[in-house]
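One structure below.
The values are calculated or read from the model by the stated rules, or taken from the named source; none is laboratory data. This is a predicted model, so every value here is computed, not measured. Glycine also receives a Cβ, built like all others from the backbone with ideal geometry; neighbour counts cover every protein chain displayed. The area values use the complete protein model at the heavy-atom level, side chains included, leaving out ligands, DNA and RNA. Shrake-Rupley method; radii C 1.70, N 1.55, O 1.52, S 1.80 Å.
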Amino acid sequence: LRMPRRGLVIQARTRWLLLGLALLFSLILLMYLLECAPQTDGNGSLPGVIGENMGKEYYQALLQEQEEHYQNRATSLKRQIAQLKQELQEMSDKLKSLQEKKSPKVNSMNYQGTKEQAPNDLLEFLHSQIDKAEVSVGAKLPSEYGVIPFESFTSMKVFQLEMGLTRHPEEKPVRKDKRDELMEVIEAGLEVINNPDEEDGQDEDDGVGERQLYNENDFIEGYYRTERDKGTQYELFYKKMDGMEYRHVTLFRPFGPLMKVKSETVDISRSIINIIVPLAGRTEAFAQFMQNFRDVCIHQDKRVHLTVVYFGQDGLSEVRGILESVARETNFHNYTIVSLNEEFNRGRGLDMGARAWEKGEVLMFFCDVDIYFTAEFLNSCRLNAEPGKKVFYPVVFSLYNPAIVYANQDIPPPVEQQLVHKKDSGFWRDFGFGMTCQYRTDFLTVGGFDLEVKGWGVEDVHLYRKYLHGDLIVIRTPVPGLFHLWHEKHCADELTPEQYRMCIQSKAMNEASHSHLGMLVFREEIETHLRKQAYRTNSESAG
């Protein structure tokens, strides 16, 4: 019985001996690591274990590490800037060599122009834009029409001179880019005031404690104008509510040199346009439309299909007769007539015309019977619409009532002679979105027209907004080859209040220019004056 007990004691002592040896080995290893560790200045104890100096050194090490990180980042950015400058220099040299190859006899003026377009230092070029702009020194102008006017703005509104027919003398900036631009400018002015440079001539504390800081509420008003080849100038004014001193900041956003975005060849030789015209009655206007269609589409362009969507039965046979007559005389058979025995609805008519096409993808031109277009416009239609990428919304030039425009003539001139872009002959219909060029798949993808809308006007805007809310690019621009011919407008009683208001507004805009309408308003006064003048002349002759 003693032997097993003794064996257990020996086994336990052996375990304790091994454990002690392990602890001794660990202690020796720890001492060795401490001896081999790099020495630090001051106290060399482990951080966070002994003494209060350990915590300071630990955080100092962290700060130093962060500082080195940011220094490395700054060095990297400087290196990237240097590389970009070098690439810009190389591009400038290439551009210069290309210019020299294209024109071997380059004189000093051409070389100077090349240097201005591709300067060695981009910052120097931007400063040169400021020097050339009318910021510090006035420019000599040939007449009062050469002045570039400013537009005034506050933090909430813009006061503008060029209004068109959809903009107002005073309005809130609706476009996001305009809102963002003005807010950025106001904040940049605050940054200049609150963090002045030495050249600004501001004392740090003006001898009265801390400098006053300005915020957005201290912005009073500003002015801006754009010289299209140089940049935009901003004049900003700030004032504290309880102060009498204004702070004036001038900023300039210089335009950089032109940059190529893309260069491509566009083949429109096989691009067919399906011209869709909704119609109800108005057969005389349709006959005039077909005369223009014959001259432009059949004789010149020769790459169109005409779809007429006719509502009702009254006048349908006359429309068919006009189409058949044109087909016989010109051998043109690329047309479709869709008959709907229902009340006129422009959106439904265009939607039915789009769906009636059964040959796959096609470029569509939504047109009205009162529209006059040229062959050049049809090419603009092809160039500015692209399936899945772009839709074209041209601004139409709307002609005034020829009976008023040409009141001093016995009869108005032929339509072809009325197609001029003058202030008293018409206006850009920038509130209208009915004429558009878009591909069939894009039209169907956005869901087409809102067919619940009946009557005049609103369905066009709904479709336009669908594209604005999507990913396609909307090309909106006035075009010289698209005219809306004047015709008598009737606003039906069954229109909703919004539709009726839009119809009346369009009717008023359509009639005549401001000056011609003024002549109508003051007609009696003018006639009275003419009678007095005639009486005075006759009296002098008799005397």
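What FRET efficiency would be calculated for the residue pair R225, L451, taking the C-beta separation as r and a Förster radius of 56 Å, to the nearest 0.05? Result of the calculation: an efficiency of 0.75. As a calculated quantity, the FRET efficiency between Q89 and L468 at R0 = 30 Å, using C-beta atoms, amounts to about 0.10. Between A74 and R536, the simple label model (points 7 Å from Cα in the Cβ direction) yields a spacing of 8.2 nm.
Under the combined filter of DSSP loop state and at most 15 neighbouring Cβ atoms within 10 Å, region 354-450 retains these trypsin sites (Lys or Arg not before Pro): K359, K389, K422, K423. Taking N as the residue count of region 281-333, its C-alpha radius of gyration divided by 2.2 N^0.38 Å amounts to 1.12. Between K239 and L340, the simple spin-label model (points 7 angstrom out along Cα→Cβ) gives 6.0 nm.
Eigen-decomposition of the gyration tensor built on the alpha-carbon atoms of region 273-519 gives equivalent ellipsoid semi-axes of 26, 22, 20 angstrom, largest listed first.
In the structure shown, the pairs K423/K507; K132/K260; K389/K423; K157/K230; K172/K389 are assessed against 28 Å; a Cα-Cα span above that value is assigned to K389/K423; K172/K389.
With a Förster radius of 30 Å applied to the C-beta separation of M259 and E184, the computed FRET efficiency comes to 0.90.
Residues whose amide H comes within less than 5 Å of that of F431, counting only those at least five positions distant or on another chain, are absent (H built at 1.01 Å from N in the peptide plane).
For region 219-310, the equivalent ellipsoid derived from the Cα gyration tensor has semi-axes of 56, 24, 11 Å, listed largest first.
Need one number for region 438-543: average projected area of the convex hull over its C-alpha atoms, nm².
11.6 nm²
Straightening the chain between K132 and E494 buys 124.4 nm, computed as 0.36 nm per residue apart minus the Cα-Cα spacing.
Taking θ as phi - 60° and the Karplus parameters 6.51, -1.76 and 1.60, the scalar couplings of region 154-159 work out to 10, 5, 10, 9, 10, 10 Hz in sequence order, x denoting glycine and proline.
Here region 242-288 and region 503-539 have alpha carbon centers that stand 37 Å from each other.
Once the chain from H248 to I268 is taken as fully extended at 0.36 nm per residue, the excess over their C-alpha distance is 1.8 nm. These residues, W428, W486, go from largest to smallest accessible area, 1.4 Å probe, as W428, W486. Normalised by the number of residues in region 273-519, the average gap of Cα pairs under 8 Å and 6 or more apart makes the relative contact order 24 percent. Computed from label points 7 Å out along Cα-Cβ, the spacing between S317 and H421 is 4.5 nm. Close amide H partners of T436, meaning residues 5 or more places away or on another chain with modelled amide H under 5 Å apart, are F366.
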